[in-house]
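A.B. asks: Starting off with a structure, shown below.
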Amino acid sequence: MVVMDDISFVEEAMKRLHSHKGVRATVVMNADGIPIRTNLDREEANQFAALASQLTGRARRAMKNLAAASVSEADDELQVIRVRSKKHEVVIMPDFDKGRDFCLIVVQDPSAHQPLFSERAAGT
Amino acid sequence: MEISHQYVKQRKDFGRHPRFRDEGAEMLADIRPNEEHAKNFVVRKTISTSIQVGQQMSEHEVNTNPVVLVNRGVLHTEGGWPKEIDCTEIEQVIRYRKKVEKDEHYIRAVVALCAGAEEVVKENNAIDIYEQYWEGDDAKYSTEAAAAHTLTQLLDPSPSRRGAQYLCWHPDGSRKVAVAYSVLEFQAEGAPSDSYVWDLGNPAQPDSVLSPTSPLVCLNFNLRDNKVLGAGQYNGQFAVFDTRQGSNAVDATPIVKSHRDPVYDFAWLQSKTGTEAMTASSDGRVLWWDTRRLGEPREELPLAERGVPSGALFGAVSLDYSPAAGPTKFLVGTEPGNVLLCNRKAKTPADRVGASYSGHHGPVYGLSRSPFYPKMFASCGDWTARVWNEDLRTPLITTAYHTAHLTAIRWSPTRPSVFFSAREDGVLDARDYYLNTQTAPALSTQVADCALTSLRVHEGGSLVAVGCRDGTTAVLQLSSSLVDLQPSEKAATLAMLERETAREKNLEKAQKEAKIRARKDAVAQEPAAAAAAGADAAADAAIGEGDNIQQLEKEFFESTM
């Protein structure tokens with residue numbers, strides 16, 4: 001496995017993420033809710049970071065409580081929160097494993113994606 | 001050690017047997033009646049006691065005080081910066097970020113996260129999992145029975161019992177309702193004059209307070225600026241409130257130029273500025289105002305019936321203004337029981353009061369124009385509710401007479417065939433002419449033990465606020481069968497109303513023809529009577545008729561034998 005310890009890997013991954021259709025904004029924040037890297041302005045990034053960290057905290061606790069009820073899933077962990085609104089989808093990827101407490105927020109506009117299945121079926 | 005031995009023998013088995021024999025009477029004691037004791041004798045009083053066989057039960061109800069809940073939250077917009085870094089210093093922030101970005105953990109985490117996020121993004125781009133298939137053709141009729149349950153009750157915070165006389169929902173669809181509290185009985189004074197705006201999210205406390213100089217009888221949110229409320233007062237003044245500027249009235253009309261009776265109803269007019277309003281009062285006048293200049297009324301209309309020169313005015317108790325029917329037209333319900341169709345911009349001033357619809361035996365307390373068919377309107381007065389067509393003088397539909405008076409009526413904003421009416425015995429009726437029979441209400445629900453005074457339907461159609469005479473306002477949630485528009489309901493209801501219109505028209509025509517014929521007959525009979533030659537013939541005919549009847553009777557009895 002390649003040791004990924006260079007900042008260029010991050011740049012590359014980010015670039016790839018942004019190359020997808022409909023991706024509007026990304027925010028990387030640490031466990032304390034500080035936006036580290038973002039393409040938004042300060043105010044907006046802070047807003048996202050603050051709200052998302054609260055949401056993930058709550059969601060994680062909820063998941064933990066649910067998982068605690070059954071023995072087999074005791075070490076279950078929150079992976080992703082997808083918040084779908086009329087105009088956007090906000091993907092919140094927290095990373096609680098191994099103490100790497102960073103969190104990635106992606107704002108995507110799903111209406112910019114490929115034609116709907118039904119439309120495609122009609123077109124061909 | 002004690003030795004004991006028990007020897008048991010019955011008494012009959014030892015000793016001499018008794019021998020009985022007859023003997024003369026022997027005096028053992030002589031107790032004479034004691035007079036003093038006789039004096040002490042007291043006749044025992046009858047005491048009633050009750051005996052209950054069944055188990056005694058009792059029921060208690062306790063209405064607990066509402067718990068006042070307050071939500072508080074703290075939002076930290078700035079993240080948790082280390083204490084040695086001042087987040088307002090841009091340079092320090094940049095330096096801190098650089099430091100984190102160099103961290104090996106950071107790089108690994110972000111690359112892993114990006115890979116995960118990418119997957120999600122790709123999924124979203126590949127297929128829309130929220131896509132709606134088979135849209136639009138699920139025509140289904142509601143089979144659920146009509147029902148309503150009380151969501152909340154808004155209690156008048158003032159200790160004196162005033163009626164919730166008038167209600168108005170917040171116009172932007174939020175769950176706020178303004179309630180006007182007043183006592184309309186003659187010379188009932190001393191009640192506090194405050195009215196309130198309530199938020200259904202917090203029924204324990206009013207959202208804002210309106211403190212007028214005289215109790216409010218009616219109030220409405222301004223259509224354009226929903227922070228502004230207009231209100232008609234008991235003393236005849238029209239006042240304007242702004243919830244942003246405290247609880248006192250911002251402006252009010254001068255008493256000299258205002259109504260001389262309580263302002264029973266008023267409406268904001270559809271205009272560019274949204275500042276015009278019209279008020280109606282039992283002093284028999286309708287006044288137009290502009291809130292930018294409340295010094296004097298813009299226009300005045302005395303409510304006298306057309307063609308009656310006596311000048312007697314009709315006191316107005318209700319008003320309906322709907323722009324859909326025409327921006328200058330409005331309906332006025334009057335105390336004698338007729339409804340007047342008025343037009344502010346008629347060709348001549350005398351024509352401003354147009355048609356008069358009579359039929360109610362008492363004041364028309366409620367008027368509501370159908371939101372779907374602008375020509376149709378419903379009214380309530382005495383013990384009935386009626387549905388009218390503007391073109392006809394007779395009602396299309398009249399409900400059966402209730403045992404209690406009707407006080408308010410409103411159409412459902414979402415279903416064209418449903419209207420609600422409030423009764424004085426505390427019952428709210430919902431009539432559904434499409435899903436239910438036309439003879440009985442689809443739903444009759446006892447809202448309160450006291451008389452209902454006012455009624456308003458939320459624009460969403462599912463909430464109904466009902467005001468009671470004791471000052472409570474009940475908010476009811478309706479079942480979906482009373483809210484959701486049914487397929488082809490609009491057309492069917494219109495057809496029903498048009499059919500009734502045609503019927504009434506035909507009846508009117510027949511009546512007119514009968515009248516003309518009767519007049520003609522009267523005219524024709526006069527010369528005949530004068531001639532008197534036909535008298536014998538008439539007598540013959542009468543005899544002939546008598547014979548006929550006898551013969552018929554005979555035949556009838558024969559057939560029954």
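What follows draws every value from the coordinates through simple rules; no lab data is involved. This one's a predicted model, so the numbers in the text were calculated from it and none came from an experiment. In this analysis, Cβ positions are derived from the backbone assuming ideal geometry, glycine residues included, and neighbour counts consider all displayed protein chains.
A.B. asks: I'd like the mean, over residues of A:31-38, of how many other protein chain beta carbons sit within 10 Å of each residue's own Cβ.
C.D. replies: On the way: counts 2, 6, 6, 11, 4, 10, 5, 1.
Going residue by residue through A:31-38 and averaging, the value is 6.
A.B. asks: Using the Karplus curve 6.51 cos²θ - 1.76 cosθ + 1.60 with θ = phi - 60°, what ³J(HN,Hα) values do you get for each residue of the range B:91-107, in whole Hz, with x for Gly and Pro?
C.D. replies: 5, 5, 4, 5, 4, 5, 5, 4, 4, 5, 5, 6, 5, 5, 4, 4, 4
A.B. asks: Further, regarding this structure: Can you give the Kirkwood hydrodynamic radius for the range B:263-414, in Å, rounded to one decimal and based on Cα pairs?
C.D. replies: 15.6 Å
A.B. asks: Which whole-Hz couplings ³J(HN,Hα) result when phi for each residue of the range B:7-18 is put into the Karplus expression 6.51 cos²θ - 1.76 cosθ + 1.60, θ = phi - 60°, listed in order with x for Gly and Pro?
C.D. replies: Ordered by residue, 3J(HN,Hα) equals 10, 10, 8, 6, 4, 5, 8, 9, x, 7, 6, x Hz.
A.B. asks: Three principal axis extents, largest first, for the C-alpha atoms of the range B:163-221, in Å?
C.D. replies: If we take the Cα atoms of the range B:163-221, the spans are 37, 20, 17 Å.
A.B. asks: I need two numbers for the protein assembly as shown: Rg to one decimal and Dmax as a whole number, Cα atoms only, in Å.
C.D. replies: So, for the protein assembly as shown, Rg and Dmax equal 42.7, 152 Å respectively.
A.B. asks: To continue, here is another question. Given the alpha-carbon gyration tensor of the range A:4-108, what are the semi-axes of its equivalent ellipsoid in whole angstrom, ordered largest first, with each equal to the square root of 5 times an eigenvalue? Write out the running numbers ahead of the final one.
C.D. replies: Numbers: eigenvalues 127, 55, 37 Å².
Each semi-axis is the square root of five times an eigenvalue, giving 25, 17, 14 Å.
A.B. asks: Scan around residue B:355 for amide H atoms under 5 Å from its own, H built in the peptide plane at 1.01 Å from N, and keep only partners 5 or more places away or cross-chain.
C.D. replies: B:341
A.B. asks: Residues of A:85-94, mean number of Cβ from any other protein chain within 10 Å of their own Cβ, rounded to a whole number?
C.D. replies: Values: counts 0, 0, 0, 0, 4, 0, 9, 1, 11, 1.
Whole-number average of other-chain Cβ neighbours for A:85-94 is 3.
A.B. asks: Now for a separate question. Can you tell me which of B:510-518, B:408-416, A:57-65, A:13-21 comes out highest on packing, and rank the rest after it, using the mean Cβ neighbours within 10 Å?
C.D. replies: On the way: B:510-518: 10.1, B:408-416: 22.7, A:57-65: 12.8, A:13-21: 15.0.
The peptides rank, most packed first, as B:408-416, A:13-21, A:57-65, B:510-518.
A.B. asks: May I have the pair-distance distribution P(r) for chain B, computed from all Cα-Cα distances with 20 Å bins from 0 and rounded to whole percent?
C.D. replies: Answer for chain B: a P(r) of 15, 32, 20, 16, 8, 7, 2, 0 percent.
A.B. asks: Another one. Roughly speaking, what is the stretch gain from residue B:270 to residue B:509, that is 0.36 nm per residue apart minus the C-alpha to C-alpha distance, in nm to one decimal?
C.D. replies: Working: separation 239, 0.36 × 239 = 86.04 nm, distance 3.75 nm.
Working it through step by step, the gained length comes to 82.3 nm.
A.B. asks: Continuing with the same structure: Would you mind putting B:155-168, B:202-215 in packing order, based on average other-beta-carbon counts within 10 Å, highest first?
C.D. replies: Ranking, from highest mean packing down: B:155-168, B:202-215.
A.B. asks: Please report Rg (one decimal) and Dmax (integer) in Å for the Cα set of the range B:409-458.
C.D. replies: Rg then Dmax for the range B:409-458, in Å: 10.8, 30.
A.B. asks: Next question. Long-range amide H contacts for residue B:281: which residues qualify at under 5 Å (H placed 1.01 Å from N, peptide plane, sequence gap of 5 or more or a different chain)?
C.D. replies: Under 5 Å from the amide H of residue B:281 lie the amide H atoms of B:264, B:316, each far enough along the sequence or on another chain.
A.B. asks: Among the lysines, select those whose C-alpha is under 19 Å from the C-alpha of residue A:15, and discard any that sit fewer than 8 residues away in the same chain.
C.D. replies: Cα-Cα hits under 19 Å: B:98, B:102, B:122.
A.B. asks: Sticking with this structure for a sec: Can you tell me, using C-alpha contacts under 8 Å and at least 6 residues apart, the relative contact order of chain B as a whole percent? Intermediate values should be presented prior to the final figure.
C.D. replies: Working: 1025 pairs, mean separation 54.0, N = 561.
This gives 10 percent for chain B.
A.B. asks: Given N residues in the range B:298-350, what is Rg(Cα) / (2.2 N^0.38 Å)?
C.D. replies: Numbers: Rg = 11.3 Å, N = 53, 2.2 N^0.38 = 9.9 Å.
That works out to 1.14 for the range B:298-350.
A.B. asks: Considering every residue in A:18-26, what mean count of other chain Cβ atoms within 10 Å of its Cβ is obtained? Present the calculation step by step, with values, prior to reporting the outcome.
C.D. replies: Details: counts 2, 1, 6, 4, 3, 5, 0, 0, 4.
So the per-residue partner count for this stretch is 3.
A.B. asks: Once each part is reduced to its C-alpha centroid, what is the distance from the range B:171-206 to the range B:479-524 in angstrom?
C.D. replies: Here the answer is 41 Å between Cα centres.
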